[in-house]
1. Got a sec? Which of B:G84, B:G79 is assigned to a helix (DSSP H, G or I) and modelled with pLDDT under 85?
2. Against the condition closer than 23 Å to B:R53 by Cβ and either buried (at least 17 other Cβ atoms within 10 Å of the Cβ) or away from chain B (no Cβ under 13 Å) (or both), how does A:M126 come out, does it pass?
3. Return the pair list, or none, for Cβ contacts closer than 7 Å from residues in region B:35-46 that are farther than 17 Å from A:A152 by Cα to residues that are of a type in the set (S, T, Y), at least 6 apart or on different chains.
4. Check B:A29 against each of (1) more than 9 Å from chain A (Cβ to nearest Cβ); (2) at pLDDT 80 or above; (3) within 27 Å of A:L121 (Cβ to Cβ) and name the one condition it does not meet.
5. Would you check which residues across region A:102-123 are crowded, with 16+ Cβ neighbours inside 10 Å and within 17 Å of A:C70 (Cα to Cα) and list them?
6. Taking the criterion of being within 22 Å of A:E111 (Cα to Cα), within 14 Å of chain B (Cβ to nearest Cβ) and of a type in the set (G, A, S), would at least one residue in region A:21-43 satisfy it?
7. Among A:V39, A:V87, which is the only one that is assigned by TED's automatic domain parsing to the domain that holds A:A8 and either closer than 30 Å to A:A8 by Cα or at pLDDT below 80 (or both)?
8. Sort through A:M138, A:M157, A:M123 and tell me the only one that's under 27 Å from B:G35 (Cβ atoms) and not assigned by TED's automatic domain parsing to the domain that holds A:R23.
Amino acid sequence: MKFTGNDAAERSSVEAVRQRLVRYAVKLVWNRDDADEIVQEAFRIALTRGVAVTASESLPWLLRTTGNLCLNARRRRRPVRLDEAAVATLTSPGEQPPDAESLERLRAAIESLPAQQRDALVMRAMEQMSYEEIAAAMELSVGAVRAHVHLARRALMKMLGSNDA
Amino acid sequence: MHSCYEYRERLDAWLDGELPPVESADLAAHLDACGACRRFFDDAARLNANLARLAVAADRIAAAPRRVHAGRYAAWRIGRIAAGLLLAASVGLALWSARTRPPIETPAGRPDRVAIVRPAEPSPGDLLIDSACRVETIVRDCTPALAVCMPSQNASIRIVWLYGPVSPPTESEPSTSPGPASRV
């Protein structure tokens, strides 16, 4: 289906895809402006290549393209810092909130992972995608994705000071 | 009964909720008995919880109304374009100046080259314009016999008129080459 922008339902579904991609891009670059620009670029590439952005089978391609663009754009701008007030709102009532510093360290540790491990982990642990969906987005086998997620978790535990990892 | 290594290899299935109930019960029994594995799985659970918190924080950043950055970045881009235009105008002015300035205004007549210099002295990367108004880029130090600093209407650049290299270019050097090393 070619995107014309005339139909309200079509615009709505394009916006839903855009928001999904922006959420993913923010988890990789931690800057809203960069994420918006990256998704816009991904859409531009999709349109020039005739990829239907609203088709569900296009989502893996869009995620992969967005991830690649994020890799190129990392550190273009300063990532948003997580302050204590923002972190305190991330926990459920009665739960001990983590300090902002530990989340910042976790974010830095994720950034230092090899690209495929980082992408697989972000999609699995932060986007809650299934291994099959991740495999389609990364053009890898499910087994390879599981291996990347496993290595990423172990590496993070080691970097963050788990003595037994 | 498995080894600690074998239990720890089930970490991903445990975190992903894919462990069958029987294996889950077996693992729970092992964690009750093994302090090291208990710490390992606790660390992994903490990591998973913090990843989920990071995801929530990222989703909030993505969902927040956009701050008005466009103006700032647009202004920065306009500034870069303006700086480029200013530099182009300066070069044009210098070219025009080199072409039209009467030789009588200088102590040694028409210069062999004109250097448009941003720092205090010509250096690699600056532009050189020869007497026929051909533009060169300085690839190494200039060796003028005489250098005259000319007044410029643009304070960000200096125009230096250069007269003849001290030593002529060697056979291997192109004729437009500024000559061997020595500073202005």
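1. Working: B:G84 fails: modelled with pLDDT under 85.
Of B:G84, B:G79, the one residue that is assigned to a helix (DSSP H, G or I) and modelled with pLDDT under 85 is B:G79.
2. Working: closer than 23 Å to B:R53 by Cβ: yes; either buried (at least 17 other Cβ atoms within 10 Å of the Cβ) or away from chain B (no Cβ under 13 Å) (or both): yes.
Yes.
3. Final answer for the pair search is B:C37/B:Y7.
4. With respect to (1) more than 9 Å from chain A (Cβ to nearest Cβ); (2) at pLDDT 80 or above; (3) within 27 Å of A:L121 (Cβ to Cβ), B:A29 is out only on (3).
5. Of everything in region A:102-123, those that are crowded, with 16+ Cβ neighbours inside 10 Å and within 17 Å of A:C70 (Cα to Cα) turn out to be A:R107, A:A109, A:I110, A:L113, A:Q116, A:Q117, A:R118, A:D119, A:A120, A:L121, A:V122, A:M123.
6. Yes: region A:21-43 contains one or more residues that are within 22 Å of A:E111 (Cα to Cα), within 14 Å of chain B (Cβ to nearest Cβ) and of a type in the set (G, A, S).
7. A:V39
8. Just one listed residue meets the conditions, A:M157.
The values are calculated or read from the model by the stated rules, or taken from the named source; none is laboratory data. It should be emphasised that the depicted structure is a prediction, and the values quoted were computed from it without experimental measurement. Glycine gets a Cβ as well: all are built from the backbone with ideal geometry, and neighbour counts include every protein chain shown.
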